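The values are calculated or read from the model by the stated rules, or taken from the named source; none is laboratory data. Note that this is a predicted model, so its numbers are computed, not measured. In this analysis, Cβ positions are derived from the backbone assuming ideal geometry, glycine residues included, and neighbour counts consider all displayed protein chains.
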Amino acid sequence: MQIRKAVITAAGWGTRFLPITKAQPKEMLPLGTKPLIQYAVEEAINSGIEQIVVITALGKRAIEDYFDRSFELEYFLEKKGEIGFLEEIRKLSTLVDVCYIRQKEQLGLGHAILTARHFIGNEPFAVLLPDDIIDSKPPLLKHMVDVYEQYESSVVAVQRIAKKDAPKYGIIDPRTISDHIHEVLSLTEKPEPAQALSNLGIVGRYILTPEIFNVMQVTQPGKNKEIQLTDALQLLLKQQAIYAYEFSEERYDAGTPIGWLKAVLSFGLRNPTYGQELREYLDKSCK
Ligand code: UTP
């Protein structure tokens, strides 16, 4: 079955980015002139997704406004003759079908995805965490869709991490099939380094079969007392196989100040308009 729908989870508090996230959704932090969430939306579109649901929460209205039309702004830009900006602004609201569901209590990533159950129905779907920016062409999600088509099972994205960082990730126990593909034998959420069964950490891209919803409904709160997707996947594994797609492209955890800064610098340095100026500035200030 084709992967047509995607869930983008954006309801978290973003505590690692306080105080700005008190009044500004983390997903709207800029990377160049676009907010983080737009990279996830574009990755989904470029991977064949036709409909997106964004899971939001109180204080996240800026996301809805961003993907909506703004007739006042369009009128203003038209009058000023700013045709380039006008076209870019108009394009935003036509990118893809986006709708929104509010997660009324932030009970964890697993719970956030469960709120999308009626939107998804009985078909496999993608999940993207917008604070994970993956710099890959074709997009990482597209590779995962290909793996789904091969095995017709859930697929998680994994990356080699330093073992000491295991407490920041879901870690898989793999049975390696090929360069990029592993069968998942088990999953553990944020283990201590000594307990980590590999150095393959899960990052924020998933293809899930719809059976995950029934499983999620009985998943008990785990680490941080949240309903963890990793724990739900461990339960799903009792019913069906799960695969992992290992990627080696650059990934930025833009949900942390240092990860976001690295992404801003890396994208900035490659920007055709101001990359060279930024490089010269950094060279000078690093002396
Ligand atoms: P994080 O672990 O990054 O949590 O969530 P967070 O709240 O966004 O940020 P910190 O840890 O407080 O700094 C991973 C993903 O799950 C979503 C987040 O929006 C992010 O995309 N999420 C998390 C929800 O949608 N709802 C939740 O209840 C928890």
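Quick notes on this structure:
- Of all residues making up segment 184-226, the number that are at pLDDT 95 or above, under 20 Å from the mean Cα position of the chain (by Cα) and of a type in the set (D, E, K, R): 1
- Residues of segment 1-35 classified as within 11 Å of the ligand (Cβ to nearest atom) and either free of Cβ contacts under 8 Å to residues at least 40 places away in the same chain or closer than 25 Å to Gln51 by Cβ (or both), total: 12
- In segment 137-157, of all residues being in a helix (DSSP H, G or I), away from the ligand (no atom under 16 Å from the Cβ) and among the hydrophobic types (A, V, I, L, M, F, W, C), the one that is farthest from the chain's Cα centre (by Cα) corresponds to Val147.
- Within segment 15-34, at least one residue is touching a Pro at 6+ places or on another chain (Cβ under 7 Å), under 30 Å from Val145 (Cα atoms) and part of a helix (DSSP H, G or I).
- Every residue from segment 157-191 that is surrounded by fewer than 15 Cβ atoms within 10 Å (Cβ to Cβ) and closer than 17 Å to Leu129 by Cα: Lys168
- Those helices (runs of 4 or more DSSP H) of segment 193-287 in which at least 3 residues are in contact (Cβ under 8 Å) with a residue 24 or more places away in the chain and closer than 25 Å to Leu140 by Cβ, considering only elements entirely within it, cover 212-217, 229-236, 257-269.
- Taken over segment 116-131, the criterion of being under 18 Å from Gly170 (Cβ atoms) and more than 10 Å from the ligand (Cβ to nearest atom) is satisfied by Ala126 alone.
- Leu107 within 16 Å of the ligand (Cβ to nearest atom) and at pLDDT 95 or above: no
- Selection status of Glu43, more than 21 Å from Glu226 (Cβ to Cβ), modelled with pLDDT of 95 or more and loosely packed, with under 13 Cβ neighbours inside 10 Å: no
- Residues in segment 52-93 that are free of Cβ contacts under 8 Å to residues at least 60 places away in the same chain and within 14 Å of Ile8 (Cα to Cα): Ile52, Val54, Thr56, Ala57, Lys60, Ile63, Glu64, Phe67.
- From Ile55, Ile113, Ile134, residue being of a type in the set (Val, Ile, Thr), outside any helix (DSSP H, G or I), crowded, with 23+ Cβ neighbours inside 10 Å and within 16 Å of the ligand (Cβ to nearest atom): Ile55
- Note on segment 192-228: residues that are within 16 Å of the ligand (Cβ to nearest atom), surrounded by fewer than 18 Cβ atoms within 10 Å (Cβ to Cβ) and not basic (Lys, Arg) amount to 4.
- Residue within segment 77-96 that is within 14 Å of the ligand (Cβ to nearest atom) and in a loop (DSSP other than H, G, I, E, B) present: no
- Breaking point among (1) closer than 19 Å to Phe213 by Cβ; (2) within 16 Å of the ligand (Cβ to nearest atom); (3) in contact with a strand residue (DSSP E or B) (Cβ under 8 Å, 6 or more places away or on another chain), for Asp165: (1)
- In segment 59-76, the qualifying residues are those that are within 16 Å of the ligand (Cβ to nearest atom) and part of a helix (DSSP H, G or I), and the one that is surrounded by the most Cβ atoms within 10 Å (Cβ to Cβ) is Ile63.
- Residues of segment 36-52 satisfying the condition of being within 16 Å of the ligand (Cβ to nearest atom) and either over 13 Å from the mean Cα position of the chain (by Cα) or among the hydroxyl-bearing types (Ser, Thr, Tyr) (or both): Tyr39
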